[in-house]
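Working notes for the structure below.
The values are calculated or read from the model by the stated rules, or taken from the named source; none is laboratory data. Quick caveat: nothing in here was measured; it's all calculated off a predicted structure. Here the Cβ positions follow ideal geometry from the backbone for every residue, glycine too, while neighbour counts run over all protein chains shown.
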Amino acid sequence: MKKEFFSFVALLLIVISKNASIEGNLSAVPNLGFCESKQKNQQYEELYKHEQIWEIHSREGRKLDQKKITVHLIPHSHMDIAWLSGMEGYYQSRAKHILNNVIEELWKDTTKTFSLSVMGFFRRWWNEASASTKTIVKHLVENKQLDFVGGGFCENDDAISYYEDVIENMENGHAFLKKELNVVPTVGWNIDNFGHTIGMNYLFTQMGFHSNFFTRIHYQEHSQRKEKKELEFFWEPPTKTGEPNKLYQFLQYDFYQWYHCPVGFCFESGRCFPQGESIGSHNVERRVGQFVDYFRQAASKYRFDNVFHFFGDDYTYEAAATFFGNLDQIIKYLKDHPELNMQAIYSTPAKYLEYIRKQVVEQNITLPSSTSDFLPIADIPNSYWTGFFTSRVHLKKLAKDANQLSQVAKTFHSLLMINQLLASNDTEYADAIQSLTDAISYINHHDAITGTSPSGVIHDYMSVTSNAVRKMLNVSYSFLFLTVARTSTKKSPKSLLK
């Protein structure tokens, strides 16, 4: 055992030497400006407007089958861990206020739901919350009002992130949820990634997920799937015999809305494109009529009489009372007018899937399947989202170096514990590992490792990661010295510092 142990120490020294040059990486960050793939061009705008004209919805929606439809409203807030701002800036200015206000609204009304995916923000908010607030949150979780989807520290990229980084990111969030709330997420949530890989889907099956909600595929494939009623399907990665290999996959009806509300039904100033007209007694009939027409069209492209739709946008629900209040008006009006043959309910992905599974069995519905990647994607003709595969090479290299150091550092930590070379109450090494794990999750966010953030935020990704790497290196040096000294002198590490 001693021989193997010192062989591993030698390996750790090699990795440390390789990573010692990371401090120089920050000075090499190029000032590339904002990624143009995030900006809408005129051609996109014209397609977007054409898709969303309310007169088209009204004219076409009223021609369709008037069977009863249940619309599952899935309230959420897409909280990028960083994008146009860094993690700290987003948390202080938006994320913590959203979480405070959403929890307050859920507590007031047991019918309301909210789906939350980013544990990086929620963990920090939870650690700052009072004991009474934590009790409320636990009640909301038990009541299935607060629903955790995905559950990683952040939403990592599909195409570029190495599988070890993906697992690390997901484990980072899941471990927290299990420890604090005894929750194990079962629904995948990749609503802002720039394409999707069969490899990610395979990892989801191994994590115990049974379904996945995602958005971005090639616009022509999305159009074909709508016409063939294949927006719900099974995605089947190749697996060993006996392994789970099927995930329910759900795509939203409106391609250009990604993870957003139907146009005109996002009710938050400064957060919606465009902001929806508030609903009141003076316009509720007209506004609900627009809602009904839209979802009649949507339902015509699905195989089921239960239809889901995201109701949220980037950092929405800071004005949670306003947003929920407008949705309440729609729900109440539909309930009071059964002749419209439509009901709207607050829902979650897991609740929606319950309805779908029931209908699959009762009506003997066979869903199509897919075994391929959804990469590369295009949102309009001749506009492929591929630049992120090779942009920001310094950042991509830092992500790989950090991962390599993390794997070796964790193994070294295990060997220290196994050989009783680390005191049970000594948290310095574990804290360094956690900092590095958070940083690896952070830099693998889908707007980080892809390079689709402004240069200032790219610098923040690299700074946070470099600092965590530096901390891990310093702690590793210290423990290497103590370990070698102790195994030579048989003295405890603490006594060597006296």
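So, in the range 167-202, how many residues would count as being among the hydrophobic types (A, V, I, L, M, F, W, C) and closer than 26 Å to PHE255 by Cβ?
6
Residues that are at pLDDT 95 or above, at least 1 per element: which helices (runs of 4 or more DSSP H) completely within the range 50-149 meet that?
Working: elements: 54-61, 87-90, 96-108, 119-128, 131-142.
Passing ranges, in order: 87-90, 96-108, 119-128, 131-142.
Consider ASN341 carefully, then state whether it is touching a residue at least 60 places away in the same chain (Cβ under 8 Å) and on the phi > 0 side of the Ramachandran plot.
yes
Spot the failing condition for ALA175; the list is (1) in contact with a Gly (Cβ under 7 Å, 6 or more places away or on another chain); (2) more than 30 Å from ILE380 (Cβ to Cβ); (3) aliphatic (A, V, I, L, M), and only one is missed.
(1)
Per-residue answers, yes or no, for (1) polar (S, T, N, Q); (2) out of contact with any strand residue (DSSP E or B) (no Cβ under 9 Å at 6 or more places or on another chain); (3) buried (at least 17 other Cβ atoms within 10 Å of the Cβ):
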site: THR110; (1), (2), (3): yes, yes, no
site: THR113; (1), (2), (3): yes, no, yes
site: TRP125; (1), (2), (3): no, yes, yes
site: ALA129; (1), (2), (3): no, yes, yes
site: VAL137; (1), (2), (3): no, no, yes
site: GLU142; (1), (2), (3): no, yes, no
site: LEU146; (1), (2), (3): no, no, yes
site: GLY150; (1), (2), (3): no, no, yes
site: ASN156; (1), (2), (3): yes, no, yes
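Pull out all pairs, ordered by first then second residue, where Cβ-Cβ is under 9 Å, the residues are six or more apart or on different chains, the first lies in the range 407-432 and is of a type outside the set (A, V, I, L, M, F, W, C), and the second is part of a loop (DSSP other than H, G, I, E, B) and buried (at least 18 other Cβ atoms within 10 Å of the Cβ).
Taking only residues 6 or more apart or on different chains, the pairs are HIS413/LEU422; TYR429/LEU422.
Going by the conditions given, is ASP438 buried (at least 20 other Cβ atoms within 10 Å of the Cβ), at pLDDT 95 or above, of a type outside the set (S, T, N, Q) and in contact with an Asp or Glu (Cβ under 7 Å, 6 or more places away or on another chain)?
The answer is no for ASP438.
Filter the strands (runs of 3 or more DSSP E) completely within the range 201-314 down to those with at least 1 residues that are out of contact with any helix residue (DSSP H, G or I) (no Cβ under 9 Å at 6 or more places or on another chain) and in contact (Cβ under 8 Å) with a residue 24 or more places away in the chain.
211-214, 232-235
What is the one condition in (1) of a type in the set (Lys, Arg); (2) closer than 29 Å to LYS335 by Cβ; (3) out of contact with any helix residue (DSSP H, G or I) (no Cβ under 8 Å at 6 or more places or on another chain) that ARG94 does not satisfy?
The number of the failed condition is (2).
Residues being surrounded by 17 or more Cβ atoms within 10 Å (Cβ to Cβ) and of a type outside the set (Val, Ile, Thr): count how many of those fall in the range 274-304.
17
Filter the range 388-406 for residues that are free of Cβ contacts under 8 Å to residues at least 12 places away in the same chain and either under 15 Å from SER476 (Cβ atoms) or assigned to a helix (DSSP H, G or I) (or both) and give the result.
Step one: of the range 388-406, the residues free of Cβ contacts under 8 Å to residues at least 12 places away in the same chain are 390, 393.
VAL393 - this is the single residue of the range 388-406 that is free of Cβ contacts under 8 Å to residues at least 12 places away in the same chain and either under 15 Å from SER476 (Cβ atoms) or assigned to a helix (DSSP H, G or I) (or both).
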